[in-house]
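Each remark here refers to the structure printed beneath this line.
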Amino acid sequence: MKILYIHSASTITSSKANMIGVLLNCNALSTNGVGVELLLPMYNEKINCLDKYIYKKYGIEIKFKISFYKPFFIKKLSKYFFSSDFKNQVSKSDAEYVFIRIPNFIRLIFKCNKKVIFESHNNQMHDKYDFIDHYWKTMMKKYIKNINFSLFISISHNLKLFWKNLGLDESKLITLHDGVYLKNF
């Protein structure tokens, strides 16, 4: 099995905890026999040796492929619009599954004939604007019915119940709790 893991919320130079979590998730999948390619936005960062940079910054040895795409030209809008480079990267990937945490790219993934694995960390899909949150929830109810929508992961049981009560297809809902990197403790 091959997974294209798309993380569009942070760049590789980010100090946000979610970047560390994404790197560890990709390593865990790879360690368990899944072919993983992480696709990240690249703005103006210049990194000579990616593996050494990641180990020095995060203390993580990478066991998977990392690729970059040029995001939408207006950085603040890149969460809502994809670039042609992003579309090309998804289209040319030989991964059967695309793992994603932001719902606005799902339609494109379907058009590329890939299967979606979606991960939810919250009961809100957009925490700043209620109308976008409502729109994405409405679209998620439609997306989950698509044959190429494989799995909706919630990081807690109560979150799974929230999505079930909202009307998402229970047969595609699972709970996978967030973990901890034991090596650090």
Exercise for the section: State which residue is modelled with the highest pLDDT when the search covers only region 171-185 and only residues that are surrounded by fewer than 14 Cβ atoms within 10 Å (Cβ to Cβ) and in a helix (DSSP H, G or I). Expected result: Ser171
Practice task
Could you tell me which residue of region 92-121 is nearest to Thr175 (Cα to Cα), considering only residues that are in a loop (DSSP other than H, G, I, E, B) and of a type in the set (Gly, Ala, Ser)?
Solution key: Ala95
Fill in the blank from the handout: Listed by first then second residue, the pairs whose first member lies in region 158-170 and is on the phi > 0 side of the Ramachandran plot and among the β-branched types (Val, Ile, Thr), whose partner is loosely packed, with under 15 Cβ neighbours inside 10 Å and in a loop (DSSP other than H, G, I, E, B), with beta carbons under 8 Å and at least 6 positions apart or on separate chains, are none
Exercise for the section: Please state which one of Ser120, Ser83 is touching a Phe, Trp or Tyr at 6+ places or on another chain (Cβ under 6 Å), open to solvent by less than 20 Å² (accessible area, probe 1.4 Å) and among the hydroxyl-bearing types (Ser, Thr, Tyr). Expected result: Ser83
Exercise for the section: Take region 138-159 and flag every residue that is under 18 Å from the mean Cα position of the chain (by Cα) and over 17 Å from Ile174 (Cα atoms). Expected result: Met139
Practice task
Determine if region 139-161 includes at least one residue that is closer than 26 Å to Leu40 by Cα and among the charged types (D, E, K, R).
Solution key: no
Handout entry: Test result for Tyr69, at pLDDT 80 or above, aromatic (Phe, Trp, Tyr) and over 17 Å from Glu119 (Cβ atoms)
Key = yes
Exercise for the section: Looking only at region 27-34, decide whether some residue is modelled with pLDDT under 80, of a type outside the set (A, V, I, L, M) and either more than 22 Å from Phe149 (Cα to Cα) or loosely packed, with under 15 Cβ neighbours inside 10 Å (or both). Expected result: no
Exercise for the section: Check region 94-116 and report whether any residue there is more than 24 Å from Gly21 (Cβ to Cβ) and touching a helix residue (DSSP H, G or I) at 6+ places or on another chain (Cβ under 7 Å). Expected result: yes
Exercise for the section: Select, from Lys145, Lys141, Lys128, the only residue that is in a helix (DSSP H, G or I), without any contact (Cβ under 8 Å) to a residue 40 or more places away in the chain and open to solvent by 10 Å² or more (accessible area, probe 1.4 Å). Expected result: Lys141
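The values are calculated or read from the model by the stated rules, or taken from the named source; none is laboratory data. Just so it is clear, the model here is predicted, and its values are computed rather than measured. Cβ coordinates were reconstructed from backbone atoms using ideal geometry, including for glycine residues, and neighbour counts include every protein chain displayed. Please note that ligands, DNA and RNA were not included when accessible areas were found on the heavy atoms of the full protein model with its side chains. Shrake-Rupley method; radii C 1.70, N 1.55, O 1.52, S 1.80 Å.
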